[in-house]
Amino acid sequence: MDRAIIVDHLIKNFEVTEKQPGITGAIKSLVSPKTKQVHALRGISFTIQPGELIGFIGPNGAGKTTTLKTLSGLLYPTSGFVEVLEYDPWERKNEFLKQISLVMGQKNQLWWDLPAVESFELNRAIYEIPTRVYEETLNELTTLLEVKKLVNTQVRKLSLGQRMRMELIAALIHKPKVLFLDEPTIGLDLIAQQKVRDFIYEYNKKYNATIILTSHNMDDLVDLARRVIVINEGKILFDGPFEDLTTKFAKEKIIKATLSKEYSIEDFEKIGRVKKLDFPEVIISVPRSTTAVAAAELLQNFPVEDLTIEEVPIEDVIRKVFKNF
Amino acid sequence: MQIIIFFFLWDAIFITNKEVFGYDKIKIFTYAFVLIIVRAMVFSSRSVDVAGQIANGELTNLILKPINYFWYWITRDFSSKLLNIIFGVFETLILIAILKPNIYFPSNPVYILAFLLSLIIAMFIFFNLSMLTSFVPFWVPELSWGAQFLMIVVIVEFLSGASFPLDIFPNTIYQILRLTPFPYLVFIPIKIYLGNFSYAVVAQSLVIGLIWCVILWKIMNYVWKKGLKIYEGVGR
C-alpha cells in the first residue's frame, strides 16, 4: 500500500432549510420550506502517503471538518471517490474503524462522571485490545502526555487541558494507523498546546501514523506539518511543502533596518512599500526578485546600523491567500 | 396507581356481573397483574435516547467505533428491562399482598412456552418501533420528543392493550388490530398467558408476530441507512 488516503473530485452538498424570524416565518417555512444548497466541498482531490503529517488550513466554514468527517466515514459524499487504507470509509467496516481515529477539539467521548481510566477500559473492550498491549500503550501515552496521576480522577474534575489530553489517549489507545485531528489545541494554554504538539509529533514518528491536522493555530502547523493543504470555500488553493506556501504566495520580502538618522516616509518610498516607520526602525516590503538590489540601495543611501531580510510572517501569507480568492 | 384504579373499577363491575366481555373476575385481575410484568419487560428501554443522540450529534462517537449500533442498544435495553422486571415483581407482590386477588396461573407448558416466546417477539417489535420513531430527528432534528410521545403514549398505550383488553372492541376492529404489530406488544402475550386462545390461534399469533419482527427490522435498517446518508454530525 503506497497510498494511505486517496480523495478524488470529492463533492459534498448539504441541504439547509431557511427560516424567517418570528412566528409568521415559522408558519411560512412549515407550509413551503425554503431549502438552500450549501456546497461544502466543490471537488477536492489529494493523495496522502502512509506516515505523512499534513496540515489542513482554512478559515471557518472552508470545508476542513467536512473533509475529515467524510474521510472517517461519518458523511456520505455527494459524489467523488474516497479511499482510506484501501477501505471505503462510508461502509464503516470494523477492520477499518479499528485503524482510524477522529479527534475533535470540542467533542468528548469520555464518560463525564467516571474517571478517564474507565473510558479507556471500555475502549479496550470495544477495540478488542489484548490486556498486555493495552497496559503498555496506556502507560506510554500517559507518560508522554504527563497525565499518569490523573487517570483515576473523575473527568468532570479535570481542567480543559487535562481533559483534552485524556481525550487523545482515549482516541489513541487502539494505536490507529490514520489519525484525524480537528483543532486539537483549541482552548488550551501555551504550555498545554506545546505538550499536545510534541505528543503528536512523537506519535507520528513512532508509529509511522498518517495524520491530518486542522488548526487555526499557525504554531501547530509550523511545528508539525511538512506538507500543508490550504482549503477555502470547498476548494483546494494550495497543496505542497510548507516552505513553498511562503514563496508562492508571498511575492514580497521584508527588509528591517535600524537607522542612525531620522528620515521621512517619502525618502524610502522609491525603494519599496514602507510598512512601518518608527525611528530608528524602518520596515519596508519589497518584491522578492529585487530584494538584493533594494537592500544594497538602502545600505548605500542611508546610514544603516543594522539590516535583516525576512520572509513575510505565515499569518500574513495565509491571510493573503484567502483574500485573493 | 393505574392498577389500583383498574382493580376497584373491575371489582365494582363484577359485583353485579359474573362475566364481562368474556372475562370472569379471576381472568380480568390476572390480566391486570400480568400487565405489570409485561409492561416492565416490553416498554422499558434505553433506546429512547437515540433520538437525542441523533439530534445533538452524539451519535458520531458511537458510529465511529467498531461496534454494532443496534446490538449496543439491544444490550442496554436488556439491562434496563432486567432492572424493571425486579421492580415489577416487587410491585406485583406488594399489590397481591394488599388486594389479595385470585390470580390465574397457567399449568399447560405449551402456553407457558408460547407466552415466553411471545414476550421475546413483543420486546423485539417494541425495539424496532422505538428505533424507528427515534430516527425522525435525522430529517427533523427539532421533532425528537413529539414523535416519541405520539408513538409511546397514543399508539402503544392505546392499541397494545396496555390500558384495556383489546377484545372488548367490536369484532371487526379487533380483527383489523390483530393484523397490526401493536397487539403483539402486550395484549397477545397476556391472552396466551391466560390460555384464552386455542392452539391454532396461538400459533397464528406467533407467526404474525414473527412476520412483523422481520418486516419492522427490514424497515428499520432501511430507514437507518437512509438517515445516516443525510446525517451531518452537527454540533460537534
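Only the coordinates and a few stated rules stand behind these numbers; no lab work does. Values in this document were obtained by computation on a predicted structure and should not be read as measured data. No Cβ is skipped: glycine too gets one built from the backbone with ideal geometry, and neighbour counts run over all protein chains shown.
The table for this structure:
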item	result
Local net charge near A:Glu95, Cβ-Cβ under 15 Å (Lys/Arg +1, Asp/Glu -1)	+1
With at most 13 neighbouring Cβ atoms within 10 Å, loop GluC sites (Glu not before Pro) (DSSP) excluded, longest segment of chain A	A:147-261
Acute angle (nearest 10 degrees) that the helix B:25-43 long axis makes with the longest principal axis of chain B, alpha-carbon atoms	10 degrees
Rounded Å value of the spacing that divides the Cα centres of the range A:138-198 and the range B:103-164	43 Å
Pairs beyond 19 Å (Cα-Cα), from A:Lys93/A:Lys175; B:Lys27/B:Lys191; A:Lys235/B:Lys225	A:Lys235/B:Lys225
Debye, to nearest 20: dipole size of the protein assembly as shown, +1 on Lys, Arg Cβ, -1 on Asp, Glu Cβ	1660 debye
Pairwise FRET efficiency - B:Ile215 versus A:Thr247, Cβ, R0 = 51 Å, nearest 0.05	0.20
Rough spin-label spacing in nm, given labels placed 7 Å along Cα→Cβ, for A:Gln49 and A:Lys93	2.6 nm
Spatially proximal aspartates and glutamates relative to A:Lys157 (Cα-Cα < 20 Å; intrachain offsets below 8 disregarded)	A:Asp113, A:Glu118, A:Glu121, A:Glu146, A:Glu167, A:Asp189
Overall dimensions of the protein assembly as shown by Cα: Rg and Dmax, Å	33.2, 121
Selected from A:Leu307, B:Gly195, B:Val20, residue furthest toward positive end of dipole (the protein assembly as shown; charges at beta carbon)	B:Val20
Total formal charge among the other residues, if their Cβ is under 14 angstrom from that of A:Leu150, Lys/Arg +1 and Asp/Glu -1	+4
For residues of B:64-71, the mean tally of beta carbons on other chains within 10 Å	5
Distance between modelled label sites at A:Ile23 and B:Ile103, nm, 7 Å Cα→Cβ extension	5.2 nm
Rel. contact order, % - alpha carbon contacts under 8 angstrom, at least six apart, chain A	19 percent
Of the chymotrypsin sites (Phe, Trp or Tyr not before Pro) in the range B:1-85, those whose Cβ has at most 16 other Cβ within 10 Å and which sit in DSSP loop	B:Phe21
Two-site FRET efficiency, A:Glu262 against A:Phe81, from Cβ-Cβ distance with R₀ of 56 Å, rounded to 0.05	0.35
Loop sites in the range A:1-78: trypsin sites (Lys or Arg not before Pro), DSSP, at most 14 other Cβ within 10 Å	A:Arg3, A:Lys19
DSSP-assigned coil residues among chymotrypsin sites (Phe, Trp or Tyr not before Pro) in the range B:95-150, each with at most 15 further Cβ atoms within 10 Å	B:Trp139
For chain A, built as a Gaussian network whose Cα springs stay under 10 Å, the top-fluctuating residue of A:Val84, A:Val312, A:Val178	A:Val312
Distance (nanometres) between label positions extended 7 Å along Cα→Cβ at A:Glu136 and B:Thr172	7.5 nm
FRET efficiency for B:Leu83 and B:Ile120, using Cβ-Cβ distance with R0 set to 22 Å, rounded to 0.05	0.75
Within chain B: Cβ-based charge dipole about Cα centre, in debye rounded to nearest 20 (Lys, Arg +1; Asp, Glu -1)	440 debye
Inter-centroid distance (Cα atoms) of the range B:1-72 relative to the range A:36-61, Å	49 Å
